[in-house]
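The values are calculated or read from the model by the stated rules, or taken from the named source; none is laboratory data. Owing to the predicted nature of the structure, the values given are computational and were not obtained by experimental measurement. Every residue, glycine as well, gets a Cβ built from its backbone with ideal geometry; the counts of neighbours run over all protein chains shown.
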Amino acid sequence: MSGKRAVALLAIWSLPGLIAAVQLRALYPPPPPLFYSLAWQLPPWWCWIPATVAIEALLVERPGARRLLALAGIILAAAVAHAGVQYLTSRLFTDQPIAKTRPIVGTAILLQKFVLLDGLAAVCTLAWARGRNAEKRLEAQQLAASRLEAALSRAQLDALRGRLQPHFLFNSLNAIRVLLRQDRADEGERLIGRLSDLLRLVLRHGERAVVPLREEIAFVEHYLHIQRARFPDRLSVELDVPTELLDAPVPSLLLQPIVENALEHGVLPKIEPSLVRLSARRDGSALLLEVTDDGIGPPTQVEEGTGLRNVRERLAHLYPGGHALELTRAPSGGAICRVRLPLRSEA
């Protein structure tokens, strides 16, 4: 039994003794010394402390016939112990007539005297025990649900990383090979550095589900630099992120799948040069992130791919009921993907 729980039970079962001590000092002028009143009335009620612990342990599972008998035995034992200790404290600290009787007789008289109070104590103890066990079951269910949700979120993130990292490597290494064949060794070396930084960021994220926006932006910048190396004349990038929002927490690998979706389905199918714009702004108590492109635009009936579905599911796990993700056609052509998150202070 933990210290806090022991103190709580001691305080609860000291209360009826304190009430009785106050009543005694009011009923018997001149009042007995406070120490004698407390020593007389407190210890008998403390007998219900071990009974409460035993009843709570007994009610962990739904009681059957044997448990009901054990429960009745615990309550009877607590009532007898209450009467017996009351008899002992009466002999030690008072000159009441009950103190002059034989122990068995005195205990029996006190057992009969306190039958209603002990019955009420038993009912209160059963209610306490059932409430505690219900609370424990609820906490266990919430913990299990939380662990399951975290495991699912990690599994989704790992699946996303597992899908994207080989994709990064294949495209990046292919771009580096093209640069080297064209005797553009300096550009190839810079691209190798970008790829190294990109993979380092993936490892740094580790198992974190949430990272500062600055880290997510840095990740996307490395990704876009590699893509610009592959398509130098067809891709331009614009960032609009206020400095005060860079520490805002966002889900790890949130923006990269959205940017990849814009490139694969909007920009790359277009022959003309295209622009991808990433912006962030505060919208009341929310963080609004937008990825805009001037590509061919989404079809009328948008079908989300694996990346966007994964992002949507992870947002639902991290911010149930407090997020939004929408992909729409931009007024000037192309597409806009908006993500709204609760704006929190730190990752």
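Observations on the model:
- Within the stretch 258-276, not a single residue is within 26 Å of the chain's Cα centre (by Cα) and of a type outside the set (Ser, Thr, Tyr).
- Test result for ALA83, under 46 Å from the mean Cα position of the chain (by Cα) and crowded, with 16+ Cβ neighbours inside 10 Å: no
- Of ARG194, ARG200, ARG281, all but one fail to be among the basic types (Lys, Arg), surrounded by fewer than 17 Cβ atoms within 10 Å (Cβ to Cβ) and over 19 Å from ALA335 (Cα atoms); the exception is ARG200.
- Sole residue being at pLDDT 85 or above and either loosely packed, with under 10 Cβ neighbours inside 10 Å or not acidic (Asp, Glu) (or both), chosen from GLN112, GLN142, GLN165, GLN156: GLN112
- Residue that is nearest to LEU24 (Cα to Cα) [pool: residues in the stretch 94-106 that are free of Cβ contacts under 8 Å to residues at least 60 places away in the same chain and crowded, with 16+ Cβ neighbours inside 10 Å]: ILE98
- Test: ILE49 is surrounded by 15 or more Cβ atoms within 10 Å (Cβ to Cβ), under 47 Å from the mean Cα position of the chain (by Cα), hydrophobic (A, V, I, L, M, F, W, C) and closer than 21 Å to TYR87 by Cβ: yes
- Test: ILE19 is in a helix (DSSP H, G or I) and surrounded by fewer than 20 Cβ atoms within 10 Å (Cβ to Cβ): yes
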